[in-house]
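What follows is a short report on a single structure.
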Amino acid sequence: MTEFITKRVKNVRNDVLSGITVALALVPEAVAFAFVAGVDPLVGLYAAFMIGLITSIFGGRPGMISGATGALAVVMVSLVAEGNAMGNTDENLGLYYLFLTVMLMGIIQVLAGVFKLGKFVRLIPHSVMMGFVNGLAIVIFLSQLGMFTKTVNGEKTWLEGNSLWYMIGLVGLTMLIMWGLPKLKATKKLPEALIAILVVSSIVIFSNLDVATVGSFIRDGGGTGLEGGFPVPVLETFSNIPINLETLKFIFPYALILAAIGLIESLMTLNLIDDLTETRGNTNRECMAQGGANIITGLFGGMGGCAMIGQSIINIKSGGRGRLSGITAAVFLLMFILFASSLIEQVPIAALVGVMFMVVIGTFAWSSFRIMNKIPKTDVFVLILVSSLTVIFDLAIAVVSGVIVSALVFAWENAKRIRARKRFREDGTKIYEIWGPLFFGSISAFNSKFDVKNDPENVEIDFVEARISDHSAIEAIFALVEKYHAVGKNITLKHLSEDCKVLLYKASPIFTDIIVEDIDDPRYHLAANPEDFSKPLGEYKF
């Protein structure tokens, strides 16, 4: 019992400390994504709080962090712009359209969970998963490069002189602390990311260094600060936007795209966390939790979101494993907004950039370089394709493209596996023994195996090592039977599995007469005479 309690207390401590670390790292990301979407920073922060809290409590993957993400923000920016263009007097009309779209997005995600669509994430090949991880690592890295810029007369320029060297030095110090601390056993009680942020922040504050902070970052982006109140329902959404078919036509395409991107990113992040923790999450439960969180977020004035791979990796690496880590991150984020905005605004951006760079190093699948020459070239192509499309477009396009290419390659390879061995019985019957899967991709090869014109009067097709997989295969068999009947020849089908027989019987009554119902499967032999088993069991040779 003492050991059990000790382990529980240790987990609580790790979850709380890792949650605080994640909350600090969430602030600039949520603000940055709000700027990308063209909305106020508090809209992104409220989304990070509400989505993070709800998915941590009800989601299917303890330890996974959700919030406002860049993948969704790049779609939202055009939605907000179009919505604003539709308003004559209300300049916030685009924001109201965003809130309504996020609620519809949540409804779609809930339906995906209800209909158990989350299980289809298992169909994503490992090469696509590696491409997704590598692509996201590159995206996170590129997004942090924007922190090495400053705004001058409304335009962003690269840092120069002392500002650049201070930034590089503090980022390097943060990374060095995170790399070195795990090697010291005495410091394992606190997450290295949290220690690094506190050390670098103390250096900047007490040395009065002129470097970018969370506060200056918000002001450079056009925000007024981090301080805000507790989120309340934005009922103006329903009074400013007519709920009719025209509105649905406008927001539904956006909602569908956002729902797809959110679910794909969340479920793939879930798979990644499963691998890191050697546990298994519930995909359908996560779909419903993400959907419910987005419905509430849209109602309370948040920009919506999904799982965040960077913050989730920070949480796992910092020791967070349970739901308490995500809850702590969300609650502390709200505390920052309500009570500690002036303190959080003093945290240097360099410390948070250093943490994210270490996340990039830990996220990127470096083993992909080592295995390039050991895996099929098609998998290498898919890996590079998904990584590239993730960087160039977005996650949804990359993953869908990778799955499609992998599926086509699989179909092509299996189409070449169809085989037919030909032999004759003593009575002159020609037998075709078919091996391999019969589906749309192998139909052409299957048809080329038969010589209808020159075959004898009786033909038998043995499917003992074959399987009829789809409608194309049924049509191919039906067409083949018709060809033999057209030239007055007899054809029988043998050793079809029970499910294949059911399909063919439904397709046409003609199969009732030509499918042989027997049990002479060459893989199994039944004793016809009970006397065959008259000897003691020990005398039989198997």
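The table for this structure:
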quantity	calculated
The lone exception for Gly281 - which of (1) small (Gly, Ala, Ser); (2) under 27 Å from Met358 (Cα atoms); (3) modelled with pLDDT of 90 or more; (4) buried (at least 24 other Cβ atoms within 10 Å of the Cβ) it fails	(4)
Residues satisfying the stated conditions in the stretch 448-502, i.e. over 38 Å from the mean Cα position of the chain (by Cα), loosely packed, with under 14 Cβ neighbours inside 10 Å and either touching a residue at least 40 places away in the same chain (Cβ under 8 Å) or assigned to a loop (DSSP other than H, G, I, E, B) (or both)	Ser448, Asp451, Lys453, Asn454, Pro456, Glu457, Val487, Gly488
Selection status of Ile205, more than 33 Å from the chain's Cα centre (by Cα) and touching a residue at least 60 places away in the same chain (Cβ under 8 Å)	yes
Helices (runs of 4 or more DSSP H) enclosed by the stretch 335-410 - at least 1 residues per element that are within 22 Å of the chain's Cα centre (by Cα)	349-363, 367-370, 377-392
Residue tally, condition farther than 22 Å from Val77 by Cβ, over 14 Å from the mean Cα position of the chain (by Cα) and among the hydroxyl-bearing types (Ser, Thr, Tyr), over the stretch 266-319	3
Residue match in the stretch 82-101 (condition: under 20 Å from the mean Cα position of the chain (by Cα) and either open to solvent by 30 Å² or more (accessible area, probe 1.4 Å) or not charged (D, E, K, R) (or both))	no
Exclusive hit being open to solvent by 30 Å² or more (accessible area, probe 1.4 Å) and assigned to a helix (DSSP H, G or I), set Leu248, Leu272, Leu258	Leu248
Residues that are modelled with pLDDT of 90 or more, among the β-branched types (Val, Ile, Thr) and within 18 Å of Thr55 (Cβ to Cβ), drawn from the stretch 95-142	Val102, Ile107, Ile108, Val110, Val114
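The values are calculated or read from the model by the stated rules, or taken from the named source; none is laboratory data. The shown structure was predicted, so the numbers you read here are calculated from the model rather than taken from an experiment. All Cβ positions, glycine included, derive from the backbone under ideal geometry; neighbour counts span all protein chains shown. Note: areas computed on protein heavy atoms with side chains; ligands, DNA, RNA excluded. Shrake-Rupley method; radii C 1.70, N 1.55, O 1.52, S 1.80 Å.
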